[in-house]
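K.L.:
Pasting a structure here, questions to come.
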Amino acid sequence: MEGQISQAVIRRLPRYYRYLGDLLSNNVERISSNELSDKMNLTASQIRQDLNNFGGFGQQGYGYNVKYLYDEIGKILGLDKVHNMIIIGAGNLASAIVKYHKFEELGFKTLALFDVREELFGTEINGIKVYSTDDLEIFIKNHNVDICALTLPKENAVAVANKVVNLGVKSIWNFSHVDLELNDSDVVVENVHLSDSLMQLSYNIASRGKI
């Protein structure tokens, strides 16, 4: 089923999860697709189509049970499991990631950071220890590492990504300024370019003045 679901639908799932979480925090027990469409800025038909990819979850005349739908989308997103993560590159971005408590609340647990700078070895960022990259192999062999986040210069990203993949890591969260394309089809790569979002904002600001 997963291969038949469009990336557009998958990209919307975290939004559903966030909005449903907000509804839960406001003690909302059920919601119709029409009411959800107002919050999501999507049509009710689109919402029903999206959710029908995974079984629907709604009842005619009742709508959606918010808690049930929230939990089910969490399972679809894999948020019912803990994902152990390491970060390679212990700079400002890595520091921001480990200090953002929401990631751990969602089940993404940072086990360790790695860097090449000797002055950082043995230090901690928000309680997470920084190791030498020379320790990567033994650390990965001794721990269950699900995700490797790369927050290092782009010229080092490909080599480091291939190294951790060869050590058995199957998921890469890549913040380096290069799109990684690895040969191993079993490895999942998410390339994140923070500047892209800012440039899109810049375009919308510029185009507004032309309308």
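K.L.:
Assign one of three labels to region 154-209, namely rounded, prolate or oblate, based on the Cα gyration tensor with a ≥ b ≥ c the square roots of its eigenvalues; rounded applies when a/c is under 1.5, prolate when it is not and a/b is larger than b/c, and oblate otherwise.
P.N.:
Details: a/c = 4.37, a/b = 2.97, b/c = 1.47.
The shape class here is prolate.
K.L.:
Evaluate the charge dipole of region 23-90 about its Cα centre and quote only its size in Debye, nearest 20, assuming +1 on the Cβ of each Lys and Arg and -1 on the Cβ of each Asp and Glu.
P.N.:
On the way: 6 positive and 7 negative charges, 16 e Å.
For this selection, approximately 80 debye.
K.L.:
Under a crude label model (7 Å from the Cα following the beta-carbon direction), how far is Leu167 from Tyr62 in nanometres?
P.N.:
4.9
K.L.:
Restricting to lysine pairs 8 or more places apart or on different chains, what number in region 1-155 have Cα atoms under 16 Å apart? Write down the numbers at each step before the final one.
P.N.:
On the way: Lys67/Lys75; Lys81/Lys102; Lys81/Lys109; Lys99/Lys109; Lys99/Lys129; Lys109/Lys129.
Close lysine pairs found across region 1-155: 6.
K.L.:
In whole angstrom, how far apart do the alpha carbon centroids of region 103-123 and region 66-94 sit?
P.N.:
One Cα centre to the other: 16 Å.
K.L.:
I've got another one for you. Run the paramagnetic zone check for Glu29: 7 angstrom along Cα to Cβ, then residues of region 52-83 with backbone nitrogen under 18 Å.
P.N.:
Answer for this model: 58-71.
K.L.:
Relative to the present Cα-Cα distance, how much length would full extension add between Glu155 and Asn53 at 0.36 nm per residue of separation? Write out the running numbers ahead of the final one.
P.N.:
On the way: separation 102, 0.36 × 102 = 36.72 nm, distance 3.97 nm.
Between Glu155 and Asn53, full extension yields 32.7 nm more.
K.L.:
For a test of the definition: using alpha carbon positions, the gyration tensor, and the 1.5 limit on a/c, classify region 53-131 as rounded, prolate or oblate.
P.N.:
It is prolate, given that a/c is not under 1.5 and a/b is the larger ratio.
K.L.:
Using a Förster distance of 45 Å, how high is the FRET efficiency between Asp38 and Glu124, based on the Cβ-Cβ distance and rounded to 0.05? Walk me through the intermediate numbers first.
P.N.:
On the way: r = 45 Å, r/R0 = 1.00.
Calculated value: 0.50.
K.L.:
When you count, for each residue, the other Cβ atoms within 10 Å and take the mean per peptide, how do 82-89, 67-74, 28-35 rank with the highest first?
P.N.:
Details: 82-89: 20.8, 67-74: 18.0, 28-35: 15.4.
Per-residue Cβ counts within 10 Å, averaged per peptide and sorted highest first, yield 82-89, 67-74, 28-35.
K.L.:
In whole Hz and in residue order, list the ³J(HN,Hα) couplings for region 73-90 that follow from phi through the Karplus curve 6.51 cos²θ - 1.76 cosθ + 1.60, θ = phi - 60°; x for Gly and Pro.
P.N.:
For region 73-90, the Karplus-derived couplings read 5, x, 5, 4, 7, x, 7, 8, 10, 8, 10, 6, 10, 10, 10, 10, x, 9 Hz, x marking Gly and Pro.
K.L.:
Let's see if you can work this out: charge +1 on each Lys and Arg Cβ, -1 on each Asp and Glu Cβ, no other charges. What is the dipole magnitude of region 144-197 about its Cα centre, in debye to the nearest 20?
P.N.:
Details: 3 positive and 8 negative charges, 39 e Å.
That gives region 144-197 a dipole magnitude of about 180 debye.
K.L.:
Over the chain, what is the percentage of antiparallel beta bridges among all DSSP beta bridges, to the nearest 5?
P.N.:
Taking every DSSP beta bridge within the chain, about 20 percent pair in antiparallel fashion.
K.L.:
Next question, about the same structure. Using 0.36 nm times the number of residues separating Gln4 and Tyr100, minus their current alpha carbon distance, what extension gain do you get? It would help to have the intermediate numbers written out before the result.
P.N.:
On the way: separation 96, 0.36 × 96 = 34.56 nm, distance 3.33 nm.
That works out to 31.2 nm of additional length.
K.L.:
Which one, Ser45, Thr123, Ile138, is farthest towards the positive end of the dipole of the chain when Lys and Arg carry +1 and Asp and Glu -1 on their Cβ?
P.N.:
It is Ser45.
K.L.:
So, one more: What percent does the relative contact order of the chain come to when contacts are Cα pairs within less than 8 Å and at least six residues apart? Could you put the intermediate results ahead of the total?
P.N.:
Details: 259 pairs, mean separation 27.7, N = 211.
Taking the mean separation of contacting Cα pairs over the length of the chain, I get 13 percent.
K.L.:
Follow-up. Could you look at the chain and say what percent of its accessible area is carbon and sulfur, using a 1.4 Å probe and all protein chains? Spell out each step's value before the answer.
P.N.:
Working: 6240 of 13190 Å².
C and S atoms contribute 47 percent here.
K.L.:
Ranked from highest to lowest mean number of other Cβ atoms within 10 Å per residue, what is the order of the peptides 43-53, 119-129, 147-157? Could the numbers behind the result be given before it?
P.N.:
Working: 43-53: 15.6, 119-129: 13.6, 147-157: 20.2.
Highest-to-lowest ranking by the protection proxy: 147-157, 43-53, 119-129.
K.L.:
Enter the accessible area per residue of region 1-155 (Å², integer; probe 1.4 Å; all protein chains in place).
P.N.:
Values: 9190 Å² over 155 residues.
Spelled out: the 1.4 Å probe surface of region 1-155, per residue, equals 59 Å².
The values are calculated or read from the model by the stated rules, or taken from the named source; none is laboratory data. Treat the numbers as computed from the prediction; the structure is a model and nothing was measured. Neighbour counts run over all protein chains shown; Cβ positions are idealised from the backbone, glycine included. Surface areas here come from the heavy atoms of the whole protein model, side chains and all, with no ligands, DNA or RNA. Shrake-Rupley method; radii C 1.70, N 1.55, O 1.52, S 1.80 Å.
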